[in-house]
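A.B. asks: I'd like to ask you about the structure that follows.
The values are calculated or read from the model by the stated rules, or taken from the named source; none is laboratory data. Predicted model, so just to flag it, every value in this text is computed and none were measured. FYI the Cβ positions are ideal-geometry reconstructions off the backbone, even for glycines, and counts take in every protein chain you see.
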Amino acid sequence: MLEFSSSTQSAETADAPCVVVGVFDSALGGAAAEIERAGNGVLSRLRDGGDFGGKLGSTLLLHGVQGVRASRVLLVGLGSRADFDALNYQRACSEAGKLLKSLAIESALVFLPECEVRGRDAAWRVRTCALAIDHANFRYTATVKPNGSRTQLKRIELAGAGDSRTALEQARAIGRGVEFARELGCLPPNICTPAYLAERARQLADEHSNVQLEVLEREQLRELGFGAMLAVGQGSSVPPRLIVLQYRGGNDAKPFALVGKGVTFDTGGMNLKPTGSMEEMKYDMCGAAGVMGAFLTAVMLKLPINLVCVVPTVENMPDGGSYRPSDVLTTYSGLTVEVLNTDAEGRLILCDALAYARKRFEPQAMVDAATLTGACVIALGKHASGLFSADDALAGELLAAGSESLDRAWRLPLWDDYRNQLESAFADIANIGGKSAGAITAACFLSRFAEGTRWAHLDVAGTAWDEGRKGYATGRPVPLLAQWLMDRAAQQ
Ligand code: BES
Ligand code: MN
Ligand code: ZN
């Protein structure tokens, strides 16, 4: 992760390998105006020559600008001032980040936080800029050699937003949580097994004295009655784990609970996924990685709340010992479930974890994150996570946290009208709800196991990773969950 600090240097006289300035497509202001003046109209000449007009997201790298001490000036287009909003600001920061990543420099001085953004304050601009540049600078190196050994970006100084200590501290904690989630998400499933996730939770607990960890293994889970979770894991040669992290940062208030789907690989089981649908299923533990990442952020920020994080983690494999379609499982809650499709496994591990978290911790609010349904990707694409909750206030809090962090969610209904799709002749409930409204019926299934608790579900199937061969885990929904917890802490 990059190091962040703030700076009061000026764009003209700063001693830095690169200064980064934002340029609107109209009049120049702030650092851009300074460069223009020091460089005897350099920006006007670029505009008049048609080389750089400030189009949103465009970049141009200049070397040795006359009158400017820094050896490089990176221009970043901000588009029209009238249209400039939070998303445009983030876009400009991330384009700057991509370009900085490609340069052989160790640090840069970034003036983008000086640009006013409607409805957002200076702290937000600092945080968002730092996180966007850090996100663009992500490198996966666990199983592949880094490209070349040349100098890499290490430090970002942010200028133009005054004293930003708190904002930078938040950016560090959120950035670290995001990085943690992205690294776990990207790891291949032969490395990132349930035991590996438990190991990373162990490290996290070892590094923070106010964090406690319990890892439950198959025997204990059997005794406790995790019938649905164990069934999903029984076809795999790697054993399941239940990870329980607890952080005490508050008084005696009831904790908040985060629950994350940790399927380290989802073949579909006996309802095997076809070629083309299985390749990306190493990401099926991104809900788990997301809640652990947000937990890490909360711990790093020492938020004055109590927080628990419950992660059921298994591998879903076909085998002679696998669970089958038509099996009836007895869940932790006592409800029986008829398995009509072994590929609807996420809800089966979550139903036990939700019921357990609810009974053991009586949380004041509980949120789960899961790469739960392809249907959610069809409904909302890659931009918004699906949000489901019967509690309007909790849904409002999460939607607000999503817009604040630009890790946005969109609410879908969780009405009882959908419940009859889950009826079964052989059990209390079936694990699939038929063709229509797949994301909603999955959420309805979960709701049966969270009854009596303020609970919300985030379906991150579309948002947790970028598709394609070079798509990485995104770290979502860490920013949303971290913001939600920061907001809860601030409200106490
Ligand atoms: N992990 C998948 C959901 C998924 C699919 C996430 C594609 C991201 C991209 C989940 O376990 C699954 O297989 N869901 C099934 C449910 C169906 C059998 C009711 C699905 O969405 O097809
Ligand atoms: Mn599945
Ligand atoms: Zn799955």
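A.B. asks: Return yes when Pro239 is surrounded by 13 or more Cβ atoms within 10 Å (Cβ to Cβ), in contact (Cβ under 8 Å) with a residue 24 or more places away in the chain and in contact with a Lys or Arg (Cβ under 7 Å, 6 or more places away or on another chain) and no when it is not. Quick ask: steps written out before the conclusion?
C.D. replies: Values: surrounded by 13 or more Cβ atoms within 10 Å (Cβ to Cβ): yes; in contact (Cβ under 8 Å) with a residue 24 or more places away in the chain: yes; in contact with a Lys or Arg (Cβ under 7 Å, 6 or more places away or on another chain): yes.
Criteria met by Pro239.
A.B. asks: On to the next question. Output the number of residues of the range 230-286 satisfying the condition of being within 30 Å of Gln364 (Cα to Cα) and within 12 Å of ligand 1 (Cβ to nearest atom).
C.D. replies: 9
A.B. asks: Something else: Would it be correct to say that Leu245 is crowded, with 21+ Cβ neighbours inside 10 Å and more than 16 Å from ligand 3 (Cβ to nearest atom)?
C.D. replies: Values: crowded, with 21+ Cβ neighbours inside 10 Å: yes; more than 16 Å from ligand 3 (Cβ to nearest atom): yes.
Yes, satisfied.
A.B. asks: Which residues, taken from the range 297-316, are closer than 14 Å to Ala257 by Cβ and either touching a Ser or Thr at 6+ places or on another chain (Cβ under 6 Å) or within 16 Å of ligand 3 (Cβ to nearest atom) (or both)? Quick ask: steps written out before the conclusion?
C.D. replies: Pass one, the range 297-316, residues closer than 14 Å to Ala257 by Cβ: 298, 305-312.
Result: Val311, Pro312.
A.B. asks: With within 16 Å of ligand 2 (Cβ to nearest atom) and crowded, with 24+ Cβ neighbours inside 10 Å as the only criterion, which of Ala298, Ala375, Ala370 stands out? Show your work before the answer.
C.D. replies: Details: Ala298 fails: within 16 Å of ligand 2 (Cβ to nearest atom); Ala375 fails: crowded, with 24+ Cβ neighbours inside 10 Å.
Among Ala298, Ala375, Ala370, only Ala370 is within 16 Å of ligand 2 (Cβ to nearest atom) and crowded, with 24+ Cβ neighbours inside 10 Å.
Residue by residue, here is whether (1) part of a strand (DSSP E or B); (2) within 16 Å of ligand 1 (Cβ to nearest atom); (3) in contact (Cβ under 8 Å) with a residue 60 or more places away in the chain; (4) crowded, with 24+ Cβ neighbours inside 10 Å holds:
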{"residue": "Cys309", "(1), (2), (3), (4)": "yes, no, yes, yes"}
{"residue": "Thr313", "(1), (2), (3), (4)": "yes, yes, yes, yes"}
{"residue": "Ser322", "(1), (2), (3), (4)": "no, yes, yes, no"}
{"residue": "Arg347", "(1), (2), (3), (4)": "no, yes, yes, yes"}
{"residue": "Cys351", "(1), (2), (3), (4)": "no, yes, yes, yes"}
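A.B. asks: Filter the range 265-290 down to residues that are hydroxyl-bearing (Ser, Thr, Tyr) and more than 10 Å from ligand 3 (Cβ to nearest atom) and give me whichever is nearest to Asn316 (Cα to Cα).
C.D. replies: To start, the set of residues in the range 265-290 that are hydroxyl-bearing (Ser, Thr, Tyr) comprises 267, 275, 277, 283.
If we keep only those that are more than 10 Å from ligand 3 (Cβ to nearest atom) as well, we get 275, 277.
Values: Thr275: 16, Ser277: 14 Å.
The extreme case among them is Ser277.
A.B. asks: Next question, about the same structure. Can you pull out every residue in the range 96-113 that is surrounded by fewer than 20 Cβ atoms within 10 Å (Cβ to Cβ) and touching a helix residue (DSSP H, G or I) at 6+ places or on another chain (Cβ under 8 Å)?
C.D. replies: Passing the criteria: Lys98, Lys101.
A.B. asks: Being assigned to a helix (DSSP H, G or I), β-branched (Val, Ile, Thr) and within 23 Å of Pro17 (Cα to Cα) is the requirement here; does Ile133 meet it? Steps first, answer last, please.
C.D. replies: Numbers: assigned to a helix (DSSP H, G or I): yes; β-branched (Val, Ile, Thr): yes; within 23 Å of Pro17 (Cα to Cα): yes.
In short, yes.
A.B. asks: Which one is surrounded by the fewest Cβ atoms within 10 Å (Cβ to Cβ), of the residues in the range 265-282 that are under 18 Å from Thr463 (Cα atoms) and away from ligand 2 (no atom under 12 Å from the Cβ)? Quick ask: steps written out before the conclusion?
C.D. replies: Residues of the range 265-282 that are under 18 Å from Thr463 (Cα atoms), as a first pass: 265-266, 277-282.
Applying the additional criterion that residues be away from ligand 2 (no atom under 12 Å from the Cβ) yields 279, 282.
Working: Glu279: 10, Lys282: 22.
By that ranking, first place goes to Glu279.
A.B. asks: Right, Asp319: within 16 Å of ligand 3 (Cβ to nearest atom), over 22 Å from Leu399 (Cα atoms), among the charged types (D, E, K, R) and in the same structural domain as Ser403 (by TED's automatic domain parsing) or not?
C.D. replies: Numbers: within 16 Å of ligand 3 (Cβ to nearest atom): no; over 22 Å from Leu399 (Cα atoms): yes; among the charged types (D, E, K, R): yes; in the same structural domain as Ser403 (by TED's automatic domain parsing): yes.
In short, no.
A.B. asks: If a residue must be within 24 Å of the chain's Cα centre (by Cα), over 19 Å from Leu329 (Cα atoms) and assigned to a strand (DSSP E or B), how many such residues does the range 215-256 contain?
C.D. replies: Summing the residues that are within 24 Å of the chain's Cα centre (by Cα), over 19 Å from Leu329 (Cα atoms) and assigned to a strand (DSSP E or B) in the range 215-256 gives 8.
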